[in-house]
Amino acid sequence: MTYELELDLKRQRVGKHGFKSHNHGHNHVHNHGYDHRAEKLERIQGVRKHDRLHKNGDIGDIVEYDIEDEEHPINLICLLCKDFYYNNWVTGTGGGLSIRDGKKKLIYLAPSGVQKEKIEPNEIFILRDYQNGEEKENEIKRGYGYDGLIDNYKDSGKYLYTPNEIEGVRELKNTYKPSQCTPLFLSTFKLRNSGACIHTHSQNAVLISLLIKKQNYFRISHIEQIKAIPFLKEKRNLRFDENLVIPIIDNKNFEEDLTDSLQEAIERFPNTTAVLVKRHGIYVWGEDIWKAKIYNEAIDYLLEIGIKMIQNRIPLSSEDGEDVYDKGGY
Ligand SMILES: CSC[C@@H](O)[C@@H](O)C(=O)COP(=O)(O)O
Ligand SMILES: [Zn+2]
């Protein structure tokens, strides 16, 4: 666990309000004692979400949830979304994150269209992960397998828990919806057996997708940070002189319409652990949330340096020219 996350969890505990305890009024940002910037933003951006946060849902009755459990996916989604927000990866409601608990067979998802850095534990959607259970056959027939969920992720009946169960939410004009990225997250669970998937609107991802015009992938070699990325075929990490290759797919008007092309890219690039979406951002996944986090950070670093290399007319990969270090045309 990173120092920042530990610190954040401590802060959260200091001002801990307790998930199932009673609300005493205007205390939501203070409960988390997180960051003054968040508090200021809350004041500026009004009450839409604020209203909801004063109502208590009861996740604890549906799945085991302990606010003190630092590794609980619900806590991790809330904390990592803050972490990503301050990296400029999930600002303005963009981006998101899903974690799959393979042992407990549960999938946790961020809600749609909310400020991702302010997600509260009772705002997480929860799905049963039937993919690997004995119930598999039956549940898949009933539309609860990944394909059924991918096609009908908006159907609230499919969820074990939705934040619309929070007292008073159903009476509000805008009820919660699961992230529009849900079918894409589920696609990485289905096709790669991943344990978590991160979606960001990183400017590095967007810019590199604009700079690369002749290829439908980003390819880079001979940068030390490449060693943090897995080489799936050989179940080891990439070496310094090997190529990291990340496919680039075109953006669509609606997030869910990216599902087919993301799935195709995953099939076409069997070694990739990420897909770039042109003029939009990136999806990164891993065996578990910590691996996904490391891959996302390492890839973002490589995208950023890739942009600078292109601007300095340095070839990105040894495949791009005779001498990778030679200043030549890109
Ligand atoms: C700024 S809106 C962005 C969305 O359309 C989408 O691209 C996104 O990343 C987040 O979708 P969401 O449904 O809020 O989880
Ligand atoms: Zn997006």
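For the structure I just gave you, tell me whether Asn243 is within 16 Å of ligand 1 (Cβ to nearest atom) and at pLDDT 95 or above. No; evaluated as a whole, the condition is false for this residue.
Against the numbered list (1) more than 16 Å from ligand 1 (Cβ to nearest atom); (2) at pLDDT 95 or above; (3) farther than 30 Å from Ile140 by Cβ; (4) surrounded by fewer than 20 Cβ atoms within 10 Å (Cβ to Cβ), Val169 comes up short only at (2).
Of the residues screened, Gly92 is not one that is within 14 Å of ligand 2 (Cβ to nearest atom), at pLDDT 95 or above and closer than 25 Å to Gly148 by Cα. Would segment 254-264 turn up any residue that is under 21 Å from Gly102 (Cβ atoms) and either away from ligand 1 (no atom under 16 Å from the Cβ) or part of a strand (DSSP E or B) (or both)? So far as segment 254-264 goes, yes, one or more of its residues are under 21 Å from Gly102 (Cβ atoms) and either away from ligand 1 (no atom under 16 Å from the Cβ) or part of a strand (DSSP E or B) (or both). Only a single item in (1) more than 16 Å from ligand 2 (Cβ to nearest atom); (2) not in a helix (DSSP H, G or I) is not met by Ile226, and it is number (2). Among the candidates Asn243, Asn296, the residue that is over 24 Å from Ala196 (Cβ atoms) and crowded, with 16+ Cβ neighbours inside 10 Å is uniquely Asn243. Can you pull out the residues in segment 229-249 that are outside any strand (DSSP E or B), in contact (Cβ under 8 Å) with a residue 40 or more places away in the chain and touching a Lys or Arg at 6+ places or on another chain (Cβ under 9 Å)? Hits for segment 229-249 are Leu232, Asn243.
Exactly one residue out of Gly321, Gly306, Gly286 is modelled with pLDDT of 95 or more, in contact with a Gly (Cβ under 7 Å, 6 or more places away or on another chain) and not acidic (Asp, Glu): that is Gly286. Could you please find all residues in segment 155-204 being more than 11 Å from the chain's Cα centre (by Cα), of a type in the set (S, T, N, Q) and within 16 Å of ligand 2 (Cβ to nearest atom)? Across segment 155-204, the qualifying residues are Gln180, Ser187, Thr188, Ser202, Gln203, Asn204. For segment 91-136, a tally of residues being out of contact with any strand residue (DSSP E or B) (no Cβ under 8 Å at 6 or more places or on another chain), part of a loop (DSSP other than H, G, I, E, B) and either closer than 17 Å to Ile77 by Cα or within 12 Å of ligand 1 (Cβ to nearest atom) (or both) returns 9.
Does Thr162 satisfy being in contact with a strand residue (DSSP E or B) (Cβ under 9 Å, 6 or more places away or on another chain), without any contact (Cβ under 8 Å) to a residue 60 or more places away in the chain and buried (at least 23 other Cβ atoms within 10 Å of the Cβ)?
In short, yes.
When segment 105-127 is filtered for residues that are away from ligand 2 (no atom under 16 Å from the Cβ) and touching a helix residue (DSSP H, G or I) at 6+ places or on another chain (Cβ under 8 Å), the ones remaining, listed by number, are Leu106, Ile107, Tyr108, Lys118, Glu120, Pro121, Asn122, Glu123, Ile124, Phe125, Ile126, Leu127.
The values are calculated or read from the model by the stated rules, or taken from the named source; none is laboratory data. No experiment lies behind these values; they were computed from the predicted model shown. Cβ: placed from backbone, ideal geometry, glycine included. Neighbour counts: every protein chain shown.
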